[in-house]
Amino acid sequence: MRFAEFVARRVLLALVTLVGLSLLIFYLSRILPANPGRLALGPYATQAQVAAYDRELGLSRPLYEQYFYWLWNFLHGQWGLSIVTKDNVLHDVEIHFPATFELITISIILTSLIGIPLGVIAASRRGKILSGVVRALWMVGVAIPSFTVGLGLQVISSYWFHFNAIIGQISVPPPTHVTGMLWVDSILTGNWPAFVSTSQHLLLPEIALSLAGIGQIAQLTYSGMLDETEEDYYLALKTFGARSFALDFKYALRSALIPVLTVLGLLYASLIANAFLVEEVFSWGGLSTYAVTAMQSDDFNAIVATVIVIGVFYVVLNLLVDLSLGYIDPRIRLGVGH
Amino acid sequence: MTSFLEINGLNLSVHSDGRVLPILSDVSLTLERSEAVAIVGETGSGKTLTARAVMGVLPKNAVIRSGTITFNGVNVLTKEGAAAAREHIAMIFQNPMSSINPLFRVEDQMNDVLNWSLHGRKETKEEKTSRIRSALEGAQCYGDGKILRMFPFQLSGGMRQRVMIAMALLRKPSLLIADEPTTALDVTTQKEILSLLTKLTKEEKMSLILITHNLGIARESSMKTYVMYAGRVVEAGPTAQIFRKPLHPYTKGLIDSIPSLDKSRSMEGIDGEIAQQDRAAVGCCFASRCSYAIDKCLTRQPELKELAPGQKVACYVAEQGGLRVV
Ligand SMILES: Nc1ncnc2c1ncn2[C@@H]1O[C@H](COP(=O)(O)OP(=O)(O)OP(=O)(O)O)[C@@H](O)[C@H]1O
Ligand code: SF4
Ligand SMILES: [Mg+2]
């Protein structure tokens, strides 16, 4: 199977990238700093503690040994302690990452599920008004930053609609831990009250985070679809009796999706950064909040951990975008130029 | 009695940058059953838009200002009429590179085209497969099993054109419109595709509209020829007669400029090109390039008049009995 081969090649490439990433992080965290032990333990640690820590890291051994030792520890969950939480940073990440991941993943799914069909329908002849809506959404999304939208939503919904789920992730006891993502866990454990509460709490931040993306994706899909309807193949299939539904959603959309998928990937990647302000506004307590606290308090291990998590997230994301592009465009997976 | 296909006084404009540009002016064309007509004219003369008007797939910014098109007596300028006409007319688009969606296997697209033509009628998988096979054979696409599994970009230009023809054949059309079916192909393949089209029109009793730059092709494969210039039909009539005795200066220039028909040269013999103002000219649309022009030519567009049996020409000088260089 050609597709299997394509997948295998891309996965291999992603693995190589991950190795590169690990080398880079090793370099930044162990080689570049003059005194990594002091960095990790912070200014209040005693000289003896630092010396002990340095011994633990094996700083006197050859570099390659240090790297493998570091990698071994890393893969076995020894990510070092945070000077703020006094806990293994891996544990901190396990608490904070799922919250952000859930938030931005739902956002990117909503963006695709709303933005793409909106663009398609607006591009079809029926959508004269919709195309105006798409353009307006797009411009509003570009002009107003998402945390402002978030603040506005909080004010409006609490003042006029007496909607209280405007901060935090949940206001009832959390569901049993499965993945750490509260909404997902409440579904997995069939916890109805938690599901209702998390859904309510997700509502406003998701709108704030997704609005701009929906506009952008809808606009991109819209203009891509308009271009497709002037393509010869589109006209040909139409004269061959294609119903517009099949023509738009099967044939034209597939071509129009190529740039859309790329932008969705970029959006997803930028969400993990943009989510910070939205997380602040909604007191979300996700990874972005964790990372900023870490930076403010020079919590070195925590910073390294977030860099690693985000780095891995980008690599996996890139892989997914590549694979889906290869899936929809045979020219990409067969390595043929356009 | 009405003809199989009748275009009558078609006027078409496009909206572009807030302006309305006339593109087709007073285009008329008739086609009988089993007849093969050629539309010739240089680039921008309006051949493709005429065909697209018949198929009801005009660009969004195009409007038909007046005129009628009927197929089999049905007005195709209504939505229903266009859909009805498409049941019997198939068009092969100008560029075989772009006329098949590159992202789907040939199989996929042929299956869809077949299913659309069934209108919900149920057919077994075997019946469908054999129909697709026979369409491919009809289009002389051999080794069909392999072709079906391929993506369009894996096929040569000639093969792609055959696949297009096969898709058209799936619908068993009674009229085939082929827009420059051979332009992008090498000479040998051109010949093969043309003889395929001719064979199909004979065997399947299809009518054919062949759009081409290439006068040699028009001469070989058509019974009637329409010569278009700047969105107008400037000369029309039996092909042999037009080639023997062209009456319009433009046609004459075209034919004179072909050193040998086998070389099948295109429109290189006449200096200049169609200018936008020619389409909206008060006088004759060809006046700016015509070496026979007289004063009258600048005052009004000449009408198409039958100057020889079956041969219509829009030219004052031809009306007065002949082309003398002034
Ligand atoms: N959508 C459009 N918007 C604006 N102008 C258009 C549009 N489609 C076609 N035209 C113009 O209309 C004129 C006729 O186009 P048409 O495609 O019918 O020419 P043609 O005779 O088929 O030429 P060619 O041999 O190059 O295919 C051209 O000048 C072209 O630029
Ligand atoms: S009418 Fe005049 S300008 Fe037009 S083709 Fe005839 S001679 Fe030339
Ligand atoms: Mg054309």
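Report summary: the helix-based calculation at 222 nm, which adds -39500 (n - 2.57) for every DSSP H run with n ≥ 4 and divides by the residues of chain A, gives -24500 deg cm²/dmol.
Over all distinct Cα-Cα pairs of segment B:17-146, the Kirkwood formula returns a hydrodynamic radius of 17.7 Å.
Gaussian network model of chain B, Cα springs within a sub-10 Å range: biggest mean-square fluctuation belongs to which of B:201, B:188, B:129? Result for chain B, Cα springs under 10 Å: B:188 fluctuates most.
Computed with every protein chain present, the accessible area of residue B:213 is close to 50 Å² [probe 1.4 Å]. Phi angles of segment B:278-295 translate, via the Karplus equation with coefficients 6.51, -1.76, 1.60 and θ = phi - 60°, into HN-Hα couplings of 5, 5, 10, 4, 5, x, 5, 5, 9, 3, 5, 10, 8, 8, 9, 3, 10, 3 Hz per residue; Gly and Pro are given as x. Distance check, please: which entries in B:47/B:205; B:172/B:252; B:79/B:305; B:202/B:312; A:250/B:199; A:250/B:224 exceed 31 angstrom between their Cα atoms? With Cα atoms farther than 31 Å apart: B:172/B:252; B:79/B:305; A:250/B:199; A:250/B:224.
When A and B come together, around 2700 square angstrom of accessible surface is lost from both chains combined, probe 1.4 Å. Projection of the Cα convex hull of the protein assembly as shown, averaged over all directions and equal to a quarter of that hull's surface, yields 40.6 nm².
Exposed loop sites were defined as GluC sites (Glu not before Pro) in DSSP loop states (anything but H, G, I, E or B) carrying at most 16 other C-beta atoms within 10 Å; in chain B the longest segment without such a site runs B:124-203.
Taking chain A as a Gaussian network of alpha-carbon nodes connected by springs under 10 Å, the highest mean-square fluctuation of the residues A:29, A:244, A:199 belongs to A:244. Using the rule -39500 (n - 2.57) for each DSSP H run of four or more residues, divided by the residues of chain B, the 222 nm mean residue ellipticity is -9500 deg cm²/dmol. How large is the Kirkwood hydrodynamic radius of chain B, in angstrom, based on all distinct alpha carbon pairs? After inverting the mean inverse Cα-Cα distance, the result is 20.7 Å. For chain A, a/c is not less than 1.5, where a ≥ b ≥ c are the root eigenvalues of the C-alpha gyration tensor, and a/b does not top b/c. That puts it in the oblate class. For segment A:99-158, applying the loop criterion from DSSP together with a ceiling of 12 other beta carbons within 10 Å to the trypsin sites (Lys or Arg not before Pro) yields A:125, A:126.
Taking the centroid of alpha carbons for each part, segment B:106-185 and segment A:279-338 are 45 Å apart. Hydrophobic long helices, here whole DSSP H runs in chain A with Kyte-Doolittle means of at least 1.6 and Cα atoms spread over 27 Å or more along the helix axis, are found at A:2-26, A:300-328.
Scanning chain B for trypsin sites (Lys or Arg not before Pro) in DSSP loops with at most 15 neighbouring Cβ atoms within 10 Å leaves B:206-299 as the longest stretch between them.
In chain A the longest region clear of chymotrypsin sites (Phe, Trp or Tyr not before Pro) that are loop-assigned by DSSP and have at most 10 other C-beta atoms within 10 Å covers A:162-338.
Once the gyration tensor of the Cα atoms in segment A:83-242 is diagonalised, the equivalent ellipsoid follows with semi-axes of 38, 19, 16 Å, ordered largest first. Its Cα centre serving as origin, the protein assembly as shown has a Cβ charge dipole (Lys and Arg +1, Asp and Glu -1) of approximately 1980 debye. Of the trypsin sites (Lys or Arg not before Pro) found in segment A:237-338, the ones in coil according to DSSP and having at most 13 other Cβ atoms within 10 Å of their Cβ are A:243.
Counting only residues at least eight positions apart within a chain, or on another chain, the aspartates and glutamates with an alpha carbon under 17 Å from that of residue B:146 are B:107, B:108, B:137.
The values are calculated or read from the model by the stated rules, or taken from the named source; none is laboratory data. No experiment lies behind these values; they were computed from the predicted model shown. As a convention, Cβ positions derive from the backbone with ideal geometry for all residues, glycine included, and neighbour counts pool all protein chains shown. What goes into the accessible areas is simple: the full protein's heavy atoms, side chains included, and nothing from ligands, DNA or RNA. Shrake-Rupley method; radii C 1.70, N 1.55, O 1.52, S 1.80 Å.
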